Amino acid sequence: MNSTSRMYDVGGVLLPRPFKARRLGHFALWHTDLDMARRLYVDVLGFRHTDTVVRDGKPVAVFTSHGTDHHSLAAIHAATAEGVRKAHYENGVLVNQISFQVGTLEEVANAYDYFAQRQVTISRLGRDFPGSNWALYVLDPDGHRIEFYYGMEQIGWDRRSKPAAAYVRAVRDGFTLPQPAEMTEIMTSEESGIDLASGFRPSEELPYDYCVGGVMLQRPFKVTKIGPVHLFVSDVGQSERFYTELLGLAQTEEVVCRGHRCVFLRCGADHHCVGLFPVALRAELGLKPSSTLMSIGVAVATYTQLRDAIAFLEKKGLRFIDTIPFELHPGIDYAAHAIGPDGHLIELYHAMEQIGWDGRPRPAAQRRRAQAQWPQTLEAVPDTYADQTLQGPLG
Ligand SMILES: [Fe+2]
């Protein structure tokens, strides 16, 4: 697993790997009940339904999004898991994929050679629909699938996804460069008579009853970011080396919780997008014994929305627990943990500490600690509202 000292030209800048993870763009989980997953993600949490993949008359994948990406959270039917991935799923790997956007298609292609030379298990190199993104998938030491992708379909003002008739140039195993621009594909589809406005658009059945910052929405909050993903791993040191030395994530912070070393990793300015925890901690936290997924993170736009979201979600039947120690969400002051349908947690929060040019997190002693009784308002901190804001309207 040792990195070589070779440097790679990535857009004219020399990096130790031929790619750079820019952001956590989406993740997907295996589910056995896609209807239940859609109700939770779409009806309850407010992700927009963007597509359903049907095979032999049965839905096998539900895609949802909180922004303009075609998907940021997807549910894939566990019955479609095959081979080694099926074995990992049966061993508790509920993560179908954790997916990082890179800057160019070239980075995806070059990552293939990089991982192949380092004997990393490569799951696939190709291009999938829906979503249209080009992707390389590798497996981490515990079987969690990590994706590096380029070119996610963007959904615009009319909320229509790309029609299936315009799914051109799907690629199963490998591709050459260069590839045509998406606009070239769009023009080709148009010239062949495809109605580009015929793609899926979700029905909006819930009433718009909640005033959120001056706009009437269907719930009193808006999800504006996904992540972090927290994983239980069999060997924290081994996984840390995989995610830092091979994938290029940076270690922001490590903490010791009840004698266990836990590691928090980042790919951008957010304090962390991945957390690694030893499996021994799982039982001590009272979490489902068979799953390697501790939590998926979901950020809402403001602290007020976070408070309102908790009350709303409790009414919708989600159960919150308060047994997750503060040190297990460094960089997040006020967090709420709801129990998801498969035993993993949904970590709701409103803001994450931003890491600056010197790569150093705020000293733990200088962090705001959540009070037992959440106050009505918070004092601002230097990185309040400093991260990338959601583009476009809230609803
Ligand atoms: Fe993906």
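The values are calculated or read from the model by the stated rules, or taken from the named source; none is laboratory data. Because the structure is predicted, anything quoted here is derived from the model rather than measured. Glycine gets a Cβ as well: all are built from the backbone with ideal geometry, and neighbour counts include every protein chain shown. Areas reflect the complete protein model, heavy atoms only, side chains present, ligands, DNA and RNA absent. Shrake-Rupley method; radii C 1.70, N 1.55, O 1.52, S 1.80 Å.
Name the residues in the range 107-125 that are in a loop (DSSP other than H, G, I, E, B), over 22 Å from the mean Cα position of the chain (by Cα) and either under 16 Å from F19 (Cα atoms) or in contact (Cβ under 8 Å) with a residue 60 or more places away in the chain (or both), would you?
R118
Please go through (1) in contact (Cβ under 8 Å) with a residue 40 or more places away in the chain; (2) in a strand (DSSP E or B) for Y243 and return the number of the only condition it doesn't satisfy.
(2)
I'd like to verify a number: residues in the range 1-46 that are part of a loop (DSSP other than H, G, I, E, B), in contact (Cβ under 8 Å) with a residue 12 or more places away in the chain and open to solvent by 20 Å² or more (accessible area, probe 1.4 Å), how many?
Total satisfying the criteria: 11.
Among the residues of the range 220-236, write down those that are open to solvent by less than 20 Å² (accessible area, probe 1.4 Å) and over 21 Å from E107 (Cβ atoms).
The answer is P220, F221, V223, I226, P228, V229, H230, L231, F232, V233, V236.
Output the residues belonging to the range 94-125 that are more than 26 Å from K162 (Cβ to Cβ) and away from the ligand (no atom under 16 Å from the Cβ).
Within the range 94-125, N110, D113, Y114, F115, A116, Q117, R118, Q119, V120, T121 meet the criteria.
Looking at (1) within 11 Å of the ligand (Cβ to nearest atom); (2) open to solvent by 30 Å² or more (accessible area, probe 1.4 Å), which one does E147 not meet, given that it meets all the others?
The failed condition is (2).
Kindly check whether there is at least one residue in the range 367-377 that is open to solvent by less than 40 Å² (accessible area, probe 1.4 Å), at pLDDT 95 or above and either of a type in the set (K, R) or touching a Gly at 6+ places or on another chain (Cβ under 9 Å) (or both).
No; the residues of the range 367-377 include none that is open to solvent by less than 40 Å² (accessible area, probe 1.4 Å), at pLDDT 95 or above and either of a type in the set (K, R) or touching a Gly at 6+ places or on another chain (Cβ under 9 Å) (or both).
Please go through the range 246-283 and give me each residue that is assigned to a loop (DSSP other than H, G, I, E, B) and closer than 27 Å to Q388 by Cα, ordered by number.
Correct list: L247, G248, L249, C267, G268, A269, H271, H272, C273.
Quick check on this structure: which one of R85, R124 is touching a strand residue (DSSP E or B) at 6+ places or on another chain (Cβ under 6 Å) and open to solvent by 20 Å² or more (accessible area, probe 1.4 Å)?
Answer to the check: R124.
Looking at A170, A181, can you tell me which residue is within 16 Å of the ligand (Cβ to nearest atom), over 30 Å from F264 (Cβ atoms) and small (G, A, S)?
After applying the criteria, what remains is A170.
Report, by residue number, each residue of the range 47-79 that is within 16 Å of the ligand (Cβ to nearest atom), farther than 25 Å from D158 by Cβ and open to solvent by 40 Å² or more (accessible area, probe 1.4 Å).
H77
Exactly one of (1) in contact (Cβ under 8 Å) with a residue 60 or more places away in the chain; (2) within 11 Å of the ligand (Cβ to nearest atom); (3) acidic (D, E) is unmet by D128. Its number?
(1)
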